[in-house]
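Please read the structure below before turning to the comments.
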Amino acid sequence: MFGFRARNDNGVIQVSADRPYLSLHEKGTVNIGTAYNTLINFSTPCTTVQPPLIFFRSAWTSQGEGLTLKCGVVGSPGNWTGFRLINANTTQLSISDWFAAVWSPLQAAGPFGMRVRDASGTVCFHSSSQLIKFSRFITTWTYLSGNSNISTYTSGQTLASDEYALVSQCHSHSISTRASTNMHIGVTVTAAGVIGLVTNPSTGSLGLGYFPVLLAKIS
């Protein structure tokens, strides 16, 4: 085992290749406008094998309405170049803050700090990485309304001023835990910052079942 381990009365903190951590790749603000499909390119491609995780929060909407998004990462393993947002509300102007995070340290910067290497000598942690902190999971959804095409749900939980919601898990068909059908799922943030979900097609009286949405903060 190679790494760093600190122990106190409350347990052990371990930093090693066996315990990866989430670090900031890039952050920014995107003016979606009224576009249905928006492509955001990273200034530097993400070179991890796993795609980066994309988090967003609504910064401003022109009519004070909710924003519903699906998100897909663009690129291929070792060369993730950006992500694409699909906007379900094109009747208003909207601006969102976002960040991309990876399960890997970025290139170590500067001559000072702490570096932890694995057995092969590869840096698996360095102190100049900006870490991402998980703040909470949302797993319980209350049905609001629907028709033959969509169903809407609310969590009743509001984003804190520094929280972001993970949206990159909503870029493809998901299998409903309550129905034998494929569904598109979009994450909604109301004008008041309440997190919700929209499914297409409708799940009707079957309900959504288990679908987690992760909230996180930049450290």
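Length gained on full extension, SER127 to VAL49: 25.9 nm, using 0.36 nm per residue less the C-alpha separation. Summing Cβ point charges (Lys, Arg +1; Asp, Glu -1) relative to the Cα centre of the chain gives a dipole of roughly 320 debye.
Cα centroids of the stretch 40-111 and the stretch 143-167: 19 Å apart.
Stretching THR158 away from MET114 to a fully extended chain increases their span by 12.2 nm, per 0.36 nm per residue minus the current alpha-carbon distance. Can you give the FRET efficiency for ARG136 and PHE4, using 1/(1 + (r/R0)^6), R0 = 30 Å, r = Cβ-Cβ distance, to the nearest 0.05? After rounding, the FRET efficiency stands at 0.65. Each residue, ALA59 and ARG84, gets one label point 7 Å from its Cα in the Cβ direction; the gap between the two is 2.4 nm. Considering all C-alpha pairs of the chain, those separated by over 23 Å amount to 52%. Across all directions, the average projected area of the convex hull around the alpha carbons of the stretch 48-169 is 10.9 nm². Working from label points 7 Å from Cα in the Cα-to-Cβ sense, the ALA35 to ASP18 distance is 4.6 nm.
Look at the dipole of the chain built from charges on Cβ: of ILE150, GLY11, ALA192, the Cα furthest out on the positive end belongs to GLY11.
Here, each number is a calculation from the coordinates, and none is a lab measurement. This one's a predicted model, so the numbers in the text were calculated from it and none came from an experiment. Every residue, glycine as well, gets a Cβ built from its backbone with ideal geometry; the counts of neighbours run over all protein chains shown.
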